[in-house]
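Undergrad: One structure, as structure tokens, below. Some questions next.
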Amino acid sequence: MLEFVHPVAYSFPTLRATLETVMTLLGLTGAWLVGAQFGHTRRRRELLIFGALLTLALTEFIGNALPAALHLRSGGGFPAALPCGRLLAAAVFALAARTPPDRLIGRGRRPVAIVAALSLVGVAAAELGGLGQLENGDRRA
């Protein structure tokens, strides 16, 4: 609660970079654990949750951790992808919630690798959309 009242992390760039990196690593750890669980159960819901967690972790990395580590201002080009990436992750979480728990994925075709690649493409598209939105805002100013 105190962080909302007085944001200390933005006063100390090293602390901010550390916090953003820890949040990214926690998201990647959660995605890895759910991916391992999917390997045992083969449930579609867990595969979708894996994709949503990976999308969220990658969005956090590109939007917050990378700019903090590079000592860029938070108003730069990277955080423009945050709303789009978070919206994509929320949509996948909603899709996972609507998926029946008994739906299974068959063996083969490496579904975890496919979902990981789709997550990466989705975050890249969100970043490109955010950068395009940033450029349009600069032209209007």
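Every read-out reported here was derived from the displayed coordinates using simple, explicitly stated rules and does not represent laboratory data. Computed from a prediction, not measured in an experiment: that's the story for all the values here. Note that each Cβ is placed from the backbone with ideal geometry, even for glycine, and that neighbours are counted across all protein chains shown.
Undergrad: Net charge around Leu53, counting only other residues with Cβ within less than 12 Å of its Cβ (Lys, Arg = +1; Asp, Glu = -1)?
TA: So the surrounding residues net to -2.
Undergrad: In what sequence do Leu26, Leu19 fall when counting other Cβ within 10 Å, fewest first?
TA: Leu26, Leu19
Undergrad: Okay, moving on. When a footprinting reagent is the concern and you count Cβ atoms within 10 Å, what order do Thr41, Thr59, Thr99 take, fewest first?
TA: Listing Thr41, Thr59, Thr99 from fewest to most nearby Cβ atoms yields Thr41, Thr99, Thr59.
Undergrad: Also, quick follow-up: Fewest first, what order do Val34, Val22, Val112 take by the number of other Cβ atoms within 10 Å?
TA: Ranked by crowding around the Cβ, least crowded first: Val22, Val112, Val34.
Undergrad: Residue by residue through the range 52-65, which ³J(HN,Hα) values in whole Hz follow from phi under the Karplus form 6.51 cos²θ - 1.76 cosθ + 1.60 (θ = phi - 60°), with glycine and proline marked x?
TA: Residue by residue, the range 52-65 yields 5, 5, 5, 4, 5, 5, 5, 5, 4, 5, 6, x, 10, 5 Hz.
Undergrad: What full-extension length gain, to one decimal in nm, is calculated for Thr14 and Leu87 as 0.36 nm per residue of separation minus the Cα-Cα distance?
TA: 23.5 nm
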